[in-house]
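All remarks here apply to the structure that follows.
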Amino acid sequence: MFEVFFKYEFLQNAAVTGMLVGLVGPLLGVFIVVRRLSLIADALSHITLTGIAASLLLEKKVAMITDLNPVYLGMVFSVLGAVLIERIRKMYKNYEELAIPIILSGGIGLGVLLISLADGFNTDLFSYLFGSVAAVSRSNMWTVLIITIIVLVIVVLFYKELFVLSFDEDHAKVSGVKGRWIHLLFILMVALVIASSMQVVGILLVSALMTLPVASALKIAKSFKQTIALSVLFGETSVLIGLVLAYHLSVPPGGTIVMITILILIVTIVSKNVSTSFFMVKEGV
Amino acid sequence: MIDCKIVKVNSVSFKYEKEWAIKHANFTVDKGQFVAMIGPNGSGKSTLVNLILGFIKPNIGSIQVFNQSIKQFDDWKEIGYISQQVNRFNGGFPASVLEVVKSGLVSRLGMFRFLKREHTQKAIEALKIVEMEKFAKAKIGELSGGQQQRVFIARALVSDPSLLILDEPTVGIDAKHVNDFYDLLGRLNKKNGITLLMISHDIGTITKHATHVVCVNKAISFQGTSDEYKQFNKQNFTHVHEHMDQQLIHDHVEVTS
């Protein structure tokens, strides 16, 4: 079942990239969920689509630009979207969540315009929306590896600051934490990870890989570090099983990966409820 | 002579939009004092604490903490802050009590320094002070309001602060645990020598425990020792009482005539 992943380069690329995003996606996802920012991942994934459409349009209309990898412009748009979200959040201090629909709908609107202006693309846009086991090139894989290393180093270096900011912003202020800078750094990491995950999971499902494993972990974890460890474990399990299934069933991996995360979530909720009822019966409550 | 003033509020005024929330406030907190900041709802107590902590900037006047202007203040390990946390924090946050207390060491460690095993030991010692060490591995959201507030005190104490600022910390704690809470604060003040500045609207209880009282009603209407406050309150109460008695007599005369 797994042998083919050692045989073909394109499958190796997909597997390694998948494992990397299965690590950093849920890792950042924990901070996103506890800060109640789950929809930011959706907004940034939609603006990434705009970047991809812009890249494909440039390639089609500008003769000098050939062989431009759409992922890179997707990353640029995602990072710009992250900066814009922060700006808008500051503008609407009492309605900070407004930044998300503004960027999300703006991203989709501009994306649709660019796609229409190009009269459609030769490239299969479907693979960007739902992921593909065949779309990841070796150079993409290296880019994702570099992004993963950067994210891991930043999270390790700023772990305690990220924890304090997520748990209690007032306490972060009286601890001398430079909240604004750390938050900007964090949202830039989210933007890069979303753009990196897009080829394996797809734009429309990338936020699920960042949040659903966390939803499962929250049900059973006893501490923050345990929540991170379980989220990553669930993320990796979903990516591995999802990729193998996608290859053998010839379906986009985004769908299979997300369905595995949903399955894990259901199993966790049911097992948690069963164990709670068992202990209540045992204690005679 | 060593300056023992820990907080100095010099002619501070602050306004939200158009309305002044604080007008020409002057007061100090000296080393070793347990200062109760009291006043009715909307009197500006929390605004004053937010100004002292540098969350907001005064329109007029200046604030010094540990002889540094709050604008440039960076020695945050000296200050422990406890807000009305029980009402405000995300109860579903997946952190253990130990993790929450260890997060109080961020100000002492600064950037790029990691939490080590000795810090875990320090956090457990802080939990022992508030008698919560047996809950170290419990999830913070699973504790009662009073227990959570004790954990937040441990978090504030773990960096060995000289000043503890508390903004209505008894809100959300059931009445039977409020006295235990004040006993704990009294011990921290007397035994550990920590200076306390605490906002409360529970005037009766706090003035029994505090050494000094500051009355806020946009401006500072009183500052002195607890005994002086009791005297001040008695005079004012007598005055109000006399006024009410006269009003009652007046009403009675009107009704009977």
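The values are calculated or read from the model by the stated rules, or taken from the named source; none is laboratory data. This one's a predicted model, so the numbers in the text were calculated from it and none came from an experiment. Please note: Cβ atoms are built from the backbone with ideal geometry, for glycine as well, and neighbour counts cover all protein chains shown. Heads up: the accessible areas ignore ligands, DNA and RNA and are worked out on the full protein's heavy atoms, side chains in. Shrake-Rupley method; radii C 1.70, N 1.55, O 1.52, S 1.80 Å.
The ratio of the alpha-carbon radius of gyration of chain B to the globular-protein estimate 2.2 N^0.38 Å is 1.14. Pairs of Cα atoms in the range A:236-285 fall into 5 Å distance bins, from 0 up to the last occupied one, in shares of 5, 22, 18, 14, 10, 9, 8, 7, 5, 2, 0 percent. In a Debye calculation with equal point scatterers on the alpha-carbon sites of chain A and no solvent, what is log10 I(q)/I(0) at q = 0.08, 0.14 Å⁻¹? Debye output, listed in q order: -0.35, -1.01. The Rg/Rh ratio for the protein assembly as shown is 1.09, where Rg is the radius of gyration of the alpha carbons and Rh is the Kirkwood radius.
Cα-Cα over 32 Å: which of B:LYS77/B:LYS134; A:LYS93/B:LYS134; A:LYS219/B:LYS116; B:LYS8/B:LYS102? Before the final figure, lay out each step's value.
Values: B:LYS77/B:LYS134 26 Å; A:LYS93/B:LYS134 40 Å; A:LYS219/B:LYS116 28 Å; B:LYS8/B:LYS102 30 Å.
Those over the limit are A:LYS93/B:LYS134.
Taken as Cα centroids, the range A:149-174 and the range A:1-49 sit 21 Å apart, rounded to the nearest whole angstrom. Look at the dipole of chain A built from charges on Cβ: of A:MET280, A:MET259, A:VAL155, the Cα furthest out on the positive end belongs to A:MET280.
Using only Cα atoms, tell me the angle between helix B:145-157 and the longest principal axis of chain B; keep it within 0 to 90° and round to the nearest 10. For helix B:145-157, the angle is close to 70 degrees. Counting Cβ atoms of other protein chains within 10 Å of each Cβ in A:220-233 and taking the mean gives 3.
The mean accessible area for residues of the protein assembly as shown, using a 1.4 Å probe and ignoring ligands and nucleic acids, is 48 Å² per residue.
Cross-link check: pairs B:LYS122/B:LYS191; A:LYS178/B:LYS122; B:LYS57/B:LYS218 evaluated at a Cα-Cα cut-off of 21 Å; pairs beyond the cut-off: A:LYS178/B:LYS122. The angle separating the long axis of helix B:175-190 from the principal Cα axis of greatest extent in chain B is about 70 degrees. Taking square-rooted eigenvalues a ≥ b ≥ c of the alpha carbon gyration tensor, is the range B:27-89 rounded, prolate or oblate, where a/c under 1.5 means rounded and, failing that, a/b exceeding b/c means prolate? Rounded shape, in that the Cα axes give a/c under 1.5. How large is the Kirkwood hydrodynamic radius of the range A:110-169, in angstrom, based on all distinct alpha carbon pairs? One over the average 1/r among Cα pairs gives 15.2 Å for the range A:110-169. Between chain A and chain B, the total buried accessible area stands at approximately 2600 Å², from heavy atoms with a 1.4 Å probe.
Toward the positive end of the charge dipole of chain A, with +1 on the Cβ of Lys and Arg and -1 on the Cβ of Asp and Glu, the farthest Cα among A:VAL214, A:LEU114, A:SER166 is that of A:SER166. Counting only DSSP H runs of at least 4 residues, each contributing -39500 (n - 2.57), and dividing by the residue count of chain A, the helix-based mean residue ellipticity at 222 nm comes to -27000 deg cm²/dmol.
Rule-of-thumb check for the range B:78-170: C-alpha Rg over 2.2 N^0.38 Å? Walk me through the numbers before you get to the answer.
Working: Rg = 12.3 Å, N = 93, 2.2 N^0.38 = 12.3 Å.
Against the empirical 2.2 N^0.38 Å value, I get 1.00 for the range B:78-170.
Taking the accessible area of the protein assembly as shown, probe 1.4 Å, and keeping the other protein chains in place, the carbon and sulfur fraction comes to 61%.
For chain A, return all DSSP H helices satisfying: extent of Cα atoms along own axis at least 15 Å; mean Kyte-Doolittle hydropathy at least 0.5.
A:9-34, A:38-61, A:70-91, A:99-117, A:138-157, A:179-201, A:206-220, A:224-249, A:253-282
Compute the orientation-averaged projected area for the range A:23-158 from the convex hull of its Cα atoms and round it to one decimal in nm². With the hull built on Cα positions only, its mean projection is 9.5 nm².
Here the dipole of the range A:4-204 is about 360 debye; that uses its Cα centre as origin and unit charges on the Cβ of Lys and Arg (positive) and Asp and Glu (negative).
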